[in-house]
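Below you'll find the structure, written out as structure tokens, and then a few comments.
The values are calculated or read from the model by the stated rules, or taken from the named source; none is laboratory data. Note that the structure is a prediction, hence the values are computed from the model and not measured. No Cβ is skipped: glycine too gets one built from the backbone with ideal geometry, and neighbour counts run over all protein chains shown.
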Amino acid sequence: MKMIRNADAIVLEPLAPARAAVVWLHGLSADGSDFVPLVPELGLPADAGIRFVFPHAPMRPVTLNGGMPMRAWYDIVGLSTGDAQDDAGIRESERRVRSYLDQQLDTGIAPERLILAGFSQGGAITLHTGLRLPQAIAGLIALSSYVPLHEVLDVEATPAARQMPIFIAHGRQDPVVPYAWGEDSANGLSARGYRVEWHRYAMAHEVCAEEIADIAAFLRKTLL
């Protein structure tokens, strides 16, 4: 694959003409380079024509970290269930991520060949954005994450969201995003009729070999 770096993202362009794409959102304080090394570990066929796009979140102060500026998809006030959520920041990132998806569609990628994925805070934006898309895409992948602004989901989610397979995974020993948040998100979406594929692993706030293998299987099932 050919790596292309620009101000907004890192792109791994397949050697074969791109016929599918995965837009992958990193977690808090990381950047687009964080999950680039995962791509070869997926073991996908070299001739599959899958483009991987790893956008960089904008720099913004994060309240949880003392107001320090860092790459973040939205501000985080605290990690308790009752803490206020950054509604404006989440919706700003939703618009940003929709533009990334539109860019892939504009290159000729069909919606049914497009995946939105994310880890931690990036996974939260993946779920928030994906469940509000007017047109179904191939699927969503949310790792070590949760559904933000869940109180308004039933009002804002689109009918298209129920057509998409949703891969949700979490580590049982996650000290950052509580395991219960991931489990409650998966169970809540399943109860509402969404096509959730729920995975849990003996790990902390990270990815593991078993999870990577399951992600690869999901991508093969949805894109190949």
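Do you know which of the residues in the stretch 191-205 that are surrounded by 15 or more Cβ atoms within 10 Å (Cβ to Cβ) and of a type outside the set (A, V, I, L, M) is farthest from Gln163 (Cα to Cα)?
Taking the candidates together, the pick is His205.
Out of Ala21, Ala46, I need the residue that is at negative phi, in contact with a Leu (Cβ under 6 Å, 6 or more places away or on another chain) and not aromatic (Phe, Trp, Tyr). Which one?
Ala21
Out of the residues in the stretch 63-98 meeting the condition of being of a type in the set (Gly, Ala, Ser) and under 18 Å from Asp31 (Cβ atoms), tell me which one is surrounded by the fewest Cβ atoms within 10 Å (Cβ to Cβ).
Once the filter is applied, the top-ranked residue is Gly89.
Which condition number does Ala21 fail, the rest of (1) surrounded by fewer than 21 Cβ atoms within 10 Å (Cβ to Cβ); (2) of a type outside the set (Asp, Glu); (3) modelled with pLDDT of 95 or more being met?
Only one criterion is unmet by Ala21, namely (1).
Among what's in the stretch 30-58 and is closer than 16 Å to Ser120 by Cα and of a type in the set (Gly, Ala, Ser), pick the residue that is surrounded by the fewest Cβ atoms within 10 Å (Cβ to Cβ).
Looking at the filtered set, the residue picked out is Ser33.
Conditions tested, residue by residue: (1) more than 22 Å from Val97 (Cβ to Cβ); (2) modelled with pLDDT of 95 or more; (3) of a type in the set (Gly, Ala, Ser).
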position: Ala117; (1), (2), (3): no, yes, yes
position: Leu133; (1), (2), (3): no, yes, no
position: Leu189; (1), (2), (3): no, yes, no
position: Trp198; (1), (2), (3): yes, yes, no
position: Ala202; (1), (2), (3): yes, yes, yes
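Please find, among Asp184, Asp154, the residue that is loosely packed, with under 15 Cβ neighbours inside 10 Å, farther than 19 Å from Ser93 by Cβ and among the acidic types (Asp, Glu).
Only one candidate passes the filter, namely Asp154.
What residue, of Ser99, Ser80, Ser93, Ser29, is farther than 28 Å from Ala180 by Cα and hydroxyl-bearing (Ser, Thr, Tyr)?
Every option except Ser99 fails the conditions.
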